[in-house]
Amino acid sequence: MNSDERVAKLSCISINGETALYGVIGNPIKHSFSPRMHSLAFQECGINAVYLPFLINESQLPQLLNAFVISGVQGFNVTIPFKEKIVPYLDLLSDEAAMLQSVNTVIRTDDGWKGYSTDGNGFIRSLQAADISLKGKRILLAGAGGAARAITVSLALAGVSEMVIVNRTQKKADNLAELLHSAIPNLHINTILPVDLQTDIVINTTSVGMHNDDCPLPDEVLRHCNQVVDIIYNPPETRLLKKAIEWSISHMNGIDMLLYQGVEAFELWTGQKAPVDTMRQSLIDSVYSGSATNHSPKKSS
Ligand code: ATR
């Protein structure tokens, strides 16, 4: 059976009195690729569970976790704009989520609701899956928002030797550098575009290229790097990636980061290895079928 046939077969869901409930909260949420991806993953692994989108308002957050206890929700994802806002309502946080004060995955445990951030690990796993090593590497990263925070913390923990963070708003890059420096004092970190442009890996975490054909970094920087990663997945080929292709530089878009943050969440909830191929196929179908609406975030975070 090829993967298309497998996905088609798995689409016939059976639900009964013991079906467990998972989901994703956000606003807007109808664009989300996660319900299809996770429901297919549960089916593939023979887990009796479904995953639904929950459109909520900020004013509903204080009652949300009680409502989830009553309705038997076992775990859920958190997307824009609630990743930081959910934190005060949780009982426990993983070390990474505590450091970032941001959560994208929540599990119901015996001690209460525990929040995790799988964006950074998802990013690292997407690089590992592409055989991109990080130890001792020099990184140039564009952006200093929520995605940049999660990714830079994980990169620092993965052993990169030097990081340059550039951002439209300089103060935010400086604040992020300070946060990283306090957590990992040995890391060489800078927030000014260096004169010596030689870089191993260039990473875009900004939204530049998502709604237009702009490039977040100057050509001189790109010409001097070995690998380009754009965490935007829709469009799958941004201007930045088109330049990498033109100059024969290895490149990757954000689909695999999106995939692996979901893989990490699935594994946290179930304790089982996630069916990566089925999940990837589901995401590729969703991205290329154009099912993302104009309101959807198209960046992996
Ligand atoms: P996310 O959580 O997805 O990272 P975010 O926290 O809003 O989203 O961060 C968006 C990032 O894209 C920021 O680094 C932002 O730069 P500013 O800090 O200056 O706002 C960057 N960004 C967004 N639009 C941009 C643009 N037109 N040019 C340059 N950078 C842009």
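So here's what we get for this one:
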| item | result |
| --- | --- |
| Exposure rank, largest accessible area first [Tyr89, Tyr51; 1.4 Å] | Tyr89, Tyr51 |
| Using a Förster distance of 25 Å, the FRET efficiency for His224-Ser182 (Cβ separation, nearest 0.05) | 0.25 |
| Within the accessible area of segment 121-252 (1.4 Å probe), percent carbon and sulfur | 48 percent |
| Of the trypsin sites (Lys or Arg not before Pro) in segment 41-140, those whose Cβ has at most 12 other Cβ within 10 Å and which sit in DSSP loop | Lys135 |
| For the chain, calculated [θ]222 nm from helices alone, where every DSSP H run of n ≥ 4 adds -39500 (n - 2.57) | -11500 deg cm²/dmol |
| Angstrom value of the Kirkwood radius, inverse mean 1/r, which spans all Cα pairs in segment 81-156 | 13.4 Å |
| Normalised per residue, the volume of the convex hull around the Cα set of segment 121-252 (Å³) | 98 Å³ |
| J(HN,Hα) series, segment 96-105, from Karplus relation 6.51 cos²θ - 1.76 cosθ + 1.60, nearest Hz, glycine and proline x | 5, 5, 5, 5, 7, 6, 8, 9, 10, 9 |
| The chain: angle of helix 34-44 to the longest principal axis, Cα-based, in degrees nearest 10 | 60 degrees |
| Gain in span if fully extended, Asp277 to Leu21, counting 0.36 nm per residue against the direct Cα distance | 89.9 nm |
| Added length on full extension, which subtracts the Cα-Cα distance from 0.36 nm per residue, Asp213 to Leu92 | 39.4 nm |
| Helix 170-183 vs. the chain, principal-axis angle (Cα, 0 to 90°, nearest 10) | 70 degrees |
| Ranked packing of 53-65, 221-233, 152-164, most packed first, by mean Cβ within 10 Å | 221-233, 152-164, 53-65 |
| Hz values of 3J(HN,Hα) by residue in segment 235-250 - Karplus curve (6.51, -1.76, 1.60), Gly and Pro given as x | x, x, 10, 6, 4, 4, 6, 4, 5, 4, 5, 4, 9, 6, 9, 4 |
| Contour excess over end-to-end distance, with Cα ends at Asp111 and Ser250 and 0.36 nm allotted per residue | 45.5 nm |
| Among Leu180, Leu193, Leu258, residue whose mean-square fluctuation peaks in a GNM of the chain (springs only between Cα atoms under 10 Å) | Leu193 |
| 15 Å beta-carbon shell around Gln261, net charge (K/R +1, D/E -1) | +1 |
| Quarter of Cα convex hull surface for the chain, i.e. mean projection, nm² | 16.0 nm² |
| Nearby lysines by direct alpha-carbon distance to Lys298 (threshold 23 angstrom, same-chain neighbours under 8 apart not counted) | Lys30, Lys83, Lys85, Lys172, Lys242, Lys243 |
| Helix axis angle, 276-288 relative to the chain longest principal axis, alpha carbon, degrees | 80 degrees |
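The values are calculated or read from the model by the stated rules, or taken from the named source; none is laboratory data. Bear in mind the structure is a predicted one, so any value in this text is a computation, not a measurement. Please note: Cβ atoms are built from the backbone with ideal geometry, for glycine as well, and neighbour counts cover all protein chains shown. With ligands, DNA and RNA removed, areas are computed over all heavy atoms of the protein, side chains included. Shrake-Rupley method; radii C 1.70, N 1.55, O 1.52, S 1.80 Å.
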